[in-house]
Amino acid sequence: MHTRRWFLLALGTAGSGALAGKFLAGARGLREFKRTAHALGSSVSMQVFAKSSQDAEQALDAAFGEIELVGQVMSIYRTDSQISRLNRNGVVKQAHPYLKEVLEMSLALSHTSSGAFDVTVQPLWEAFSSAKLGGKVPSADEIKVTIEKVNWRKLLIAGDSVSLEEKGMAVTLNGIAQGYAADRALAA
């Protein structure tokens, strides 16, 4: 169990680490560069340490490019994304490697958590979202019908194709795509 003391110690350690990192970067002749942009539905800020602004701009361009690519592939809010096509058509052939990787990780998490983590929860999310617009919650019958469309075991990956076994199923990667995008940005 984490205590307030543990939290303050962790916060102090992180702050000290950041200061030490800036000191070491300065000692190596590196300067700090920052950029903030809108991505994945929120404000994203990144900083790099580089010797020149050109090197920094290249690094930041590459990192933000990766975040944009993840959004193009995995955003349920973009009608042309592969995840939107999967939800609309039930299949995506020639799935982007990033999509396959995230879905494979998601299925592994679903298996490990006995389904507590399930990216096929989108129909249930939509049912609650629609009901909320009307100032209510879905009825027990609506939930019962909708929950039948939620089943990570019916999300299939075969070769470069991804498919949903039943009509009305849908995937959301909101619980994993942003972390994946951060990993890709860091790798870039």
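The values are calculated or read from the model by the stated rules, or taken from the named source; none is laboratory data. The structure displayed is predicted, hence computed values, not measured ones. Reconstructed Cβ throughout: ideal geometry from the backbone, glycine too, with neighbour counts over all protein chains shown. Just the protein is used for accessible areas: all its heavy atoms, side chains included, with ligands, DNA and RNA removed. Shrake-Rupley method; radii C 1.70, N 1.55, O 1.52, S 1.80 Å.
Between ALA39 and residues 5 or more places away or on another chain, which pairs have amide H atoms under 5 Å apart, with H built 1.01 Å from N, and which residues are they?
Close amide H contacts, sequence-distant or interchain: VAL44.
Could you run the Karplus curve 6.51 cos²θ - 1.76 cosθ + 1.60 with θ = phi - 60° over the range 119-133 and give me ³J(HN,Hα) per residue in whole Hz, x for Gly and Pro?
Once rounded to whole Hz, the list reads 6, 8, 6, 3, x, 5, 4, 5, 4, 5, 5, 5, 5, 4, 4.
For a quick check of understanding: with a 1.4 angstrom probe and all protein chains in place, what accessible area in square angstrom does ARG35 have, to the nearest ten?
Its heavy atoms expose roughly 60 Å² to the probe.
If one takes the longest principal axis of the Cα atoms in the chain, at what angle in degrees, from 0 to 90 and to the nearest 10, does the Cα axis of helix 97-112 lie?
The answer is roughly 70 degrees.
Calculate what fraction, in whole %, of the accessible area of the range 93-188 sits on carbon and sulfur atoms when a 1.4 Å probe is rolled over the protein chains.
Whole-percent figure for carbon plus sulfur exposure: 56.
Treating only the Cβ of Lys, Arg, Asp and Glu as charged (+1, +1, -1, -1), what charge dipole size does the chain show about its Cα centre? Round to the nearest 20 debye.
Roughly 500 debye, rounded to the nearest 20.
Evaluate E = 1/(1 + (r/R0)^6) for LYS132 and GLU165, where r is the Cβ-Cβ distance and R0 equals 35 Å; express this FRET efficiency to the nearest 0.05.
0.80
Show me, for the range 47-55, the HN-Hα J-couplings you get by feeding each phi into the Karplus relation (A = 6.51, B = -1.76, C = 1.60, θ = phi - 60°), rounded to Hz, glycine and proline as x.
The phi angles translate into 9, 9, 10, 8, 7, 10, 5, 5, 4 Hz.
Given points 7 Å out from each Cα along the Cα-Cβ axis, report the GLU148 to GLN72 separation in nanometres with one decimal.
Going from the GLU148 label point to the GLN72 one covers 3.9 nm.
Given the Cα-Cα distance of VAL91 and ALA158 and 0.36 nm per residue of separation, how much length would full extension add, in nm?
My answer for the length gained is 23.0 nm.
Rounding to the nearest 10 and keeping the result within 0 to 90°, find how far the Cα-based axis of helix 4-27 lies from the longest principal axis of the chain.
Taking the Cα atoms of the chain, the angle to 4-27 is about 50 degrees.
Going by accessible area, probe 1.4 Å, with all protein chains left in place, what is the ranking of THR79, THR172, largest first?
THR79, THR172
Which entry in (i) 8; (ii) 12; (iii) 36 matches percent of Cα pairs over 31 Å apart derived from the coordinates of this structure?
(iii)
So how exposed is LYS34, as accessible area in Å² (1.4 Å probe, rounded to 10)?
140
Using a 1.4 angstrom probe, figure out how much accessible area the chain has per residue, in square angstrom, rounded to the nearest whole.
64
Counting only helical runs of four or more DSSP H residues, what would the 222 nm mean residue ellipticity of the chain come to if each run contributes -39,500 (n - 2.57) and the total is spread over all its residues?
-17500 deg cm²/dmol
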